[in-house]
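Below is one structure; the comments refer to it alone.
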Amino acid sequence: MDTVITGPGSRLARVVTEVCSPAVVVLLLPLAVAWAATGHRVGPTVLWGMEVALFSSVLPMVFIVRGARAGRWETHHVRAREHRFVPLMVGLASTAVGIAILVLARAPRDVLALSAAMFATLAVCVVVTRGWKVSLHAAVAGGAVAMITLLYGPWSLPLVLVVALVGWSRVVLGDHTVAQVVVGALLGPVVGGVVFLLLR
């Protein structure tokens, strides 16, 4: 995993890794879910979508970026497995606060189900990461595709190709093995998708 391939392939892999990072996906996914959950109303979509994005993406990412700048971990992707526990726990705590606010504010059921699904997925990732570096990129991408498909129907299934592209990028950059990517891509739908389906 320490060997990093250079050239056009690695440049594309870096772009994919950044554009499809968990932080970006968790900014956009809540808006897609809220759009369906609110009957396609712009105001409520932005309100609920941004609430989930704030607590599950923005605030955890601020903590991670500040930690990277302070030298506590290598980059905002926190490459070393042993450094991931604290950032993941911060993300878990922030998401839990977001869920509490959604409950008190009586958010649409699908929006609450999304937050619970992301919490469950992240919690499993925390446990797995204590001993093995599962791909969070793949887990988030896989879970997102599962939830979008549950909401918008089978036409969304081609998005699985994006999950494959994300997995490819993580392997090419030397951040994960194929096994870590495959497990992540399955973990997202199995944990997040199932929780979302049960609670919506």
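The values are calculated or read from the model by the stated rules, or taken from the named source; none is laboratory data. None of the values given here were measured: they were computed from a predicted structure. Methodologically, a virtual Cβ is constructed for each residue, glycine included, from the backbone with ideal geometry; neighbour enumeration extends over all protein chains shown. All accessible areas refer to the heavy atoms of the entire protein, side chains included, with ligands and DNA or RNA removed. Shrake-Rupley method; radii C 1.70, N 1.55, O 1.52, S 1.80 Å.
So here's what we get for this one:
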read-out: Subset tally (residues that are in contact with a Phe, Trp or Tyr (Cβ under 7 Å, 6 or more places away or on another chain) and open to solvent by less than 10 Å² (accessible area, probe 1.4 Å)) for the range 131-151; value: 1
read-out: So residue 129, is it under 18 Å from the mean Cα position of the chain (by Cα), of a type outside the set (Asp, Glu) and under 28 Å from residue 9 (Cβ atoms); value: yes
read-out: Some residue of the range 115-124 being open to solvent by less than 30 Å² (accessible area, probe 1.4 Å), closer than 22 Å to residue 48 by Cα, touching a Phe, Trp or Tyr at 6+ places or on another chain (Cβ under 8 Å) and not hydroxyl-bearing (Ser, Thr, Tyr); value: yes
read-out: Inter-residue pairs, beta-carbon under 8 Å, first over 29 Å from residue 110 (Cα atoms) and free of Cβ contacts under 8 Å to residues at least 12 places away in the same chain and in the range 75-99, second open to solvent by less than 70 Å² (accessible area, probe 1.4 Å) and outside any helix (DSSP H, G or I), 6+ apart; value: 80/73; 83/73
read-out: Single residue of 165, 186, 161 found to be under 14 Å from the mean Cα position of the chain (by Cα), open to solvent by 70 Å² or more (accessible area, probe 1.4 Å), over 22 Å from residue 36 (Cα atoms) and not basic (Lys, Arg); value: 186
